[in-house]
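Comments concern the structure below.
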Amino acid sequence: MAGKIQRIIMFKGDIETTAYFSMQMEKTFLELGYETFFYDYQNQKKSVKELLLFLKKGITVMITFNYHGLCGDSEIIYDKEQGGYIWDAFDVPCINIVVDHPFYYHRFFGNLPKRYIHVSIDKNHEKYMEEYFPEIERGPFLPLAGTSLTPSGDYKPICERSMDIVFTGNYVPPKNFCVYIERAGEEYTQFYMGILEELKENPSKLLEDVAREHIYKEIPDATHDEVRETLGNMIFLDMYIRFYFRGEAVRMLAEAGLPVHVFGNGWEDLECGRKENIIIGGGLDSLGCLEKIADGKISLNVMPWFKAGSHDRIFNSMLNGAVCLTDSSDYLDEYLKHGENSSIYDLKHLENLPALAEELLKNQEKMQTIADAGFQMAEKYHTWKFRAMEIHKLLQTMD
């Protein structure tokens with residue numbers, strides 16, 4: 001291992017998914033010769049003491065997801081009395097992999113460590129940062145990756161799998177977000193609903209682009225800063241639209257008579273004409289989700305509003321031998337080939353989704369060919385090992 005950085009701090013004990021990502025990357029970091037330490041939110045008193053022993057000025061970096069360790073969530077991480085981060089005191093570079101749209105985190109951008117590096121998982125997120133927060137240093141584009149339970153490719157054959165279609169992820173009824181949409185009166189409600197209706201009609205569009213158009217339509221002389229501030233208050237629209245299409249995809253399949261095994265919270269609240277075809281498995285951790293995918297013939301994915309990135313569910317599906325049935329993105333178009341290593345549907349034409357699934361399920365030999373090709377492609381490009389190697393390249397450039 002060349003380079004000055006020798007020690008890596010990561011986080012666990014809060015958001016299970018991102019901790020799992022970190023633990024997958026840790027395997028590669030250890031192979032490369034780094035020392036690693038996990039700050040555990042479930043045992044902060046012990047973690048604080050161990051962190052102080054692990055920190056060594058000049059050779060330590062912290063790698064986090066979604067601002068863990070960067071939002072004043074521990075007294076030792078952010079000294080409120082002195083007004084500074086412990087990372088600054090020890091000259092620690094802070095690499096933050098942001099797995100949501102940046103407008104979720106505007107509140108953090110004004111109070112970052114000195115050696116902060118923002119890493120996006122979608123190329124449009126990078127453009128957003130360049131447009132509205134150009135002063136913040138950005139690292140390499142790092143799309144989400146997947147994890148294989150059987151890295152050798154010795155996964156269960158399609159013909160032996162017990163579930164035809166699985167989906168792993170939570171559901172929240174879009175109507176639950178109406179409290180935010182309607183809170184400022186009828187004029188704002190119509191404004192927000194206009195944005196949502198345009199996204200439903202044109203799901204290839206970015207929320208921020210549609211929102212900007214509507215802002216300038218209502219306020220032609222809105223300043224750049226005013227637009228930025230308004231976008232930072234539209235998180236509920238992102239949540240609404242992603243759960244709207246997630247629910248619609250599952251509902252379409254179920255109402256066409258195709259059983260869908262869903263693993264996540266909230267699915268009992270989905271309005272569906274044939275709820276008997278929605279088989280609710282309850283919430284699972286990351287490992288549990290992988291185990292279910294590894295026993296499913298088709299793994300359904302509905303992209304969060306990432307139009308130039310990916311989601312780990314796609315590569316988790318491929319790396320565990322299921323046929324990935326998904327919508328695509330500008331980034332994914334380079335890797336996903338319909339009928340070869342995946343099956344692609346269009347959000348604008350969800351009515352065609354059941355036929356795609358039925359066609360797959362009628363030909364298990366074809367499904368196996370697609371699944372095998374998906375595994376080979378994902379194993380080559382889209383594991384957390386490859387993402388860790390990209391971060392390793394960045395670490396080697398640090399002073």
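Of the helices (runs of 4 or more DSSP H) contained entirely in the range 220-302, those carrying at least 3 residues that are under 25 Å from residue 202 (Cβ atoms) and in the same structural domain as residue 367 (by TED's automatic domain parsing) fall at 235-255. Residue check: is residue 346 out of contact with any Cys (no Cβ under 9 Å at 6 or more places or on another chain), over 18 Å from residue 148 (Cβ atoms) and either modelled with pLDDT of 95 or more or of a type in the set (Gly, Ala, Ser) (or both)? It is true that residue 346 is out of contact with any Cys (no Cβ under 9 Å at 6 or more places or on another chain), over 18 Å from residue 148 (Cβ atoms) and either modelled with pLDDT of 95 or more or of a type in the set (Gly, Ala, Ser) (or both).
Only residues that are of a type in the set (Asp, Glu) and either within 23 Å of residue 399 (Cβ to Cβ) or crowded, with 19+ Cβ neighbours inside 10 Å (or both) were counted in the range 27-61, giving 1. Scan (1) touching a helix residue (DSSP H, G or I) at 6+ places or on another chain (Cβ under 6 Å); (2) without any contact (Cβ under 8 Å) to a residue 24 or more places away in the chain; (3) more than 24 Å from residue 317 (Cα to Cα) for the single condition residue 236 breaks and write down its number. Failing condition for residue 236: (2).
When each of 332, 336 is tested for being free of Cβ contacts under 8 Å to residues at least 60 places away in the same chain and under 15 Å from the mean Cα position of the chain (by Cα), the lone residue that passes is 332.
Checking the range 337-346 against the condition returns a match, with at least one residue being aromatic (Phe, Trp, Tyr) and more than 30 Å from residue 58 (Cα to Cα).
For the range 183-198, the candidate set comprises residues that are part of a helix (DSSP H, G or I) and of a type in the set (A, V, I, L, M); within that set, the residue that is nearest to residue 327 (Cα to Cα) is 196. Can you pull out every residue in the range 29-73 that is under 21 Å from residue 389 (Cα atoms) and among the hydrophobic types (A, V, I, L, M, F, W, C)? Of everything in the range 29-73, those that are under 21 Å from residue 389 (Cα atoms) and among the hydrophobic types (A, V, I, L, M, F, W, C) turn out to be 29, 30, 32, 37, 38, 59, 61, 62, 63, 65.
Looking at the range 132-182, which of its residues are under 21 Å from the mean Cα position of the chain (by Cα) and assigned to a helix (DSSP H, G or I)? Result: 174, 177.
How about the range 199-219: which of its residues are of a type in the set (Ser, Thr, Tyr) and not in a helix (DSSP H, G or I)? Selection gives 204 alone.
One line per residue, one yes/no per condition, for (1) in contact with a strand residue (DSSP E or B) (Cβ under 7 Å, 6 or more places away or on another chain); (2) at pLDDT 95 or above; (3) of a type in the set (Asp, Glu); (4) farther than 30 Å from residue 198 by Cα:
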residue	(1), (2), (3), (4)
308	yes, yes, no, no
311	yes, yes, no, no
334	no, yes, yes, no
363	no, yes, no, yes
366	no, yes, no, yes
372	no, yes, yes, yes
384	no, yes, no, yes
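Taking the condition closer than 26 Å to residue 165 by Cβ and of a type in the set (Val, Ile, Thr), does residue 397 pass? Judged against the criteria, residue 397 is not a match.
With respect to (1) in contact (Cβ under 8 Å) with a residue 24 or more places away in the chain; (2) within 22 Å of residue 305 (Cα to Cα); (3) surrounded by fewer than 14 Cβ atoms within 10 Å (Cβ to Cβ), the lone exception for residue 349 is condition (1). Looking only at the range 92-113, residues that are at pLDDT 95 or above and closer than 21 Å to residue 5 by Cα come to 6 in all.
Among the helices (runs of 4 or more DSSP H) confined to the range 320-399, the ones with at least 3 residues that are within 18 Å of residue 301 (Cβ to Cβ) are located at 353-361, 364-381.
The values are calculated or read from the model by the stated rules, or taken from the named source; none is laboratory data. Predicted, not measured: the structure shown is a model, and the values here were computed from it. As a convention, Cβ positions derive from the backbone with ideal geometry for all residues, glycine included, and neighbour counts pool all protein chains shown.
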